[in-house]
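S.K.: Questions regarding the structure given below will be posed in turn.
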Ligand code: UD1
């Protein structure tokens, strides 16, 4: 059997590929781990391989940062060469980043079967680059592996044939459940000298951090929230760059009780998330992880591609209205916030179901 190529590119891909790689390796299936290099800083990439115990990628495309067009195109050019050389029996792409889209298009044109893990999610907001990546990847991938029923419904609504849709559950939760115990030995709380309850904050969406007015409004809300809670803010490189360019970085640093850190590795981050009073975020993955951990999450976006975290989980879509962010945060501090249930098939066994579907497809 020719190898299965597993593609990683950006930070949220690593914890999705790790359990699939482990499952395929346990079944003695030949694999090639390929890193596009979309994320390249040690703390955006290498630390995750160490924390997740994942092998070094056999192939590194080294594409780095760039505009959407140049980054996507560079991955395509380089990935096509890899496909020509290795003739994989299948390519597995995850999530919704530029690397996901680029590799899925190459597969479609090279007639190589492609499986998209985390298929079917839709925010219905085409201003998000990830929404374009999701729609296009799903339109060309052969196997659409969805985390929840809303994903199946979205795909059916787009006219996707039933045999391409396979509900396998949430792969991120495999990594979370696998590592949550291990994360208990993290020293991050001590290292940051956290004294009591804290909110964990992440921000990196262009709609929040590339827009000065929105970014300022969020900072104003943080200034108020910090009166009740310490805030831990591992800052994404995009966010740091934009805060500096708007002259907002000093204002952020001056918020009493805020801990601004470099991006944090997987185990330390899981530890911070699990013990936080509240998570404030514009990330997609954190909406899911907080639901699985039972931690209240306030999402600083107008929409979500993960509605099940709202209907069943601990997530509330808040948007970026200053007063609303403040009031809902205070509500969580006072009343403990929303409790929820863990959605079906978010059970830590998704990698096994993915391997079953992929191997059956290759055999047939
Ligand atoms: C990308 C994904 C986004 C995902 C996020 C997670 C796309 C379109 N976006 O957004 O869906 O939620 O990753 O982090 O694929 N940079 C560094 N070091 C790095 C990587 C990036 O300094 O290792 C800086 C560069 O200045 C770069 C900027 O961050 O220009 C943005 O990086 P990019 O990969 O373009 O997008 P993200 O905002 O990280």
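S.K.: Anything in the stretch 156-173 that is farther than 17 Å from residue 265 by Cα and either in a loop (DSSP other than H, G, I, E, B) or touching a residue at least 24 places away in the same chain (Cβ under 8 Å) (or both)? List them, or say none. Before the answer, list the steps.
M.R.: Keep residues of the stretch 156-173 that are farther than 17 Å from residue 265 by Cα, which gives 156-171.
Result: 158, 159, 160, 161, 165, 166, 167, 168, 169, 170, 171.
S.K.: Can you tell me which residue in the stretch 64-82 is surrounded by the fewest Cβ atoms within 10 Å (Cβ to Cβ), limited to those that are in contact (Cβ under 8 Å) with a residue 40 or more places away in the chain and within 12 Å of the ligand (Cβ to nearest atom)?
M.R.: As a first pass, look at the stretch 64-82 and keep what is in contact (Cβ under 8 Å) with a residue 40 or more places away in the chain: 68, 75, 78-79, 82.
Keeping just the survivors that are within 12 Å of the ligand (Cβ to nearest atom) gives 68, 75.
Working: 68: 12, 75: 27.
Out of the qualifying residues, it is 68.
S.K.: Could you list all residues from the stretch 38-63 that are more than 9 Å from the ligand (Cβ to nearest atom), out of contact with any helix residue (DSSP H, G or I) (no Cβ under 6 Å at 6 or more places or on another chain) and part of a loop (DSSP other than H, G, I, E, B)?
M.R.: Once the filter is applied, which keeps residues that are more than 9 Å from the ligand (Cβ to nearest atom), out of contact with any helix residue (DSSP H, G or I) (no Cβ under 6 Å at 6 or more places or on another chain) and part of a loop (DSSP other than H, G, I, E, B), the stretch 38-63 yields 53, 55, 56, 57, 58, 62.
S.K.: Follow-up question, since we're still on this one. Return a yes/no flag: does the stretch 11-26 have any residue that is within 21 Å of residue 82 (Cα to Cα), in contact with a helix residue (DSSP H, G or I) (Cβ under 9 Å, 6 or more places away or on another chain) and not in a helix (DSSP H, G or I).
M.R.: No: zero hits.
S.K.: What is the residue count in the stretch 333-360 for residues that are assigned to a loop (DSSP other than H, G, I, E, B) and in contact (Cβ under 8 Å) with a residue 40 or more places away in the chain? Outline the logic, then answer.
M.R.: Within the stretch 333-360, the first condition is being assigned to a loop (DSSP other than H, G, I, E, B), and the residues that meet it are 336-349.
From what's left, in contact (Cβ under 8 Å) with a residue 40 or more places away in the chain: 336-340, 342-349.
Here the count works out to 13.
S.K.: Another question, if that's okay. For residue 104, are the conditions met, namely being assigned to a helix (DSSP H, G or I), more than 12 Å from the ligand (Cβ to nearest atom) and closer than 29 Å to residue 349 by Cα?
M.R.: yes
S.K.: Could you please give the count of residues in the stretch 263-282 that are in contact with a strand residue (DSSP E or B) (Cβ under 9 Å, 6 or more places away or on another chain), within 16 Å of the ligand (Cβ to nearest atom) and in a loop (DSSP other than H, G, I, E, B)?
M.R.: 3
S.K.: Let me confirm something: among 319, 294, which residue is in contact with a strand residue (DSSP E or B) (Cβ under 9 Å, 6 or more places away or on another chain) and surrounded by fewer than 18 Cβ atoms within 10 Å (Cβ to Cβ)?
M.R.: On the way: 294 fails: in contact with a strand residue (DSSP E or B) (Cβ under 9 Å, 6 or more places away or on another chain).
Answer to the selection: 319.
S.K.: Assess whether residue 97 counts as being within 22 Å of residue 354 (Cβ to Cβ), within 10 Å of the ligand (Cβ to nearest atom) and crowded, with 17+ Cβ neighbours inside 10 Å.
M.R.: Working: within 22 Å of residue 354 (Cβ to Cβ): yes; within 10 Å of the ligand (Cβ to nearest atom): yes; crowded, with 17+ Cβ neighbours inside 10 Å: yes.
Spelling it out, residue 97 is indeed within 22 Å of residue 354 (Cβ to Cβ), within 10 Å of the ligand (Cβ to nearest atom) and crowded, with 17+ Cβ neighbours inside 10 Å.
S.K.: Further question: Is it the case, given these coordinates, that residue 136 is surrounded by fewer than 20 Cβ atoms within 10 Å (Cβ to Cβ), more than 19 Å from residue 37 (Cβ to Cβ) and in contact (Cβ under 8 Å) with a residue 24 or more places away in the chain? First the steps, then the outcome.
M.R.: Working: surrounded by fewer than 20 Cβ atoms within 10 Å (Cβ to Cβ): yes; more than 19 Å from residue 37 (Cβ to Cβ): yes; in contact (Cβ under 8 Å) with a residue 24 or more places away in the chain: yes.
For residue 136, the condition - surrounded by fewer than 20 Cβ atoms within 10 Å (Cβ to Cβ), more than 19 Å from residue 37 (Cβ to Cβ) and in contact (Cβ under 8 Å) with a residue 24 or more places away in the chain - is met.
S.K.: Test residue 121 against the criterion of being part of a loop (DSSP other than H, G, I, E, B) and either within 16 Å of the ligand (Cβ to nearest atom) or more than 26 Å from residue 356 (Cβ to Cβ) (or both), and give yes or no.
M.R.: Numbers: part of a loop (DSSP other than H, G, I, E, B): yes; either within 16 Å of the ligand (Cβ to nearest atom) or more than 26 Å from residue 356 (Cβ to Cβ) (or both): yes.
Spelling it out, residue 121 is indeed part of a loop (DSSP other than H, G, I, E, B) and either within 16 Å of the ligand (Cβ to nearest atom) or more than 26 Å from residue 356 (Cβ to Cβ) (or both).
S.K.: If you don't mind, another one. Would you check which residues across the stretch 14-33 are within 16 Å of the ligand (Cβ to nearest atom) and in contact with a strand residue (DSSP E or B) (Cβ under 6 Å, 6 or more places away or on another chain) and list them?
M.R.: Answer for the stretch 14-33, where residues must be within 16 Å of the ligand (Cβ to nearest atom) and in contact with a strand residue (DSSP E or B) (Cβ under 6 Å, 6 or more places away or on another chain): 14, 16, 17.
Each reported figure results from applying straightforward, stated rules to the coordinates on display, with no laboratory input. Just so it is clear, the structure is predicted and the values come from calculations on it, not from any experiment. Cβ sites come from the backbone with ideal geometry, for glycine too, and all protein chains shown count toward neighbours.
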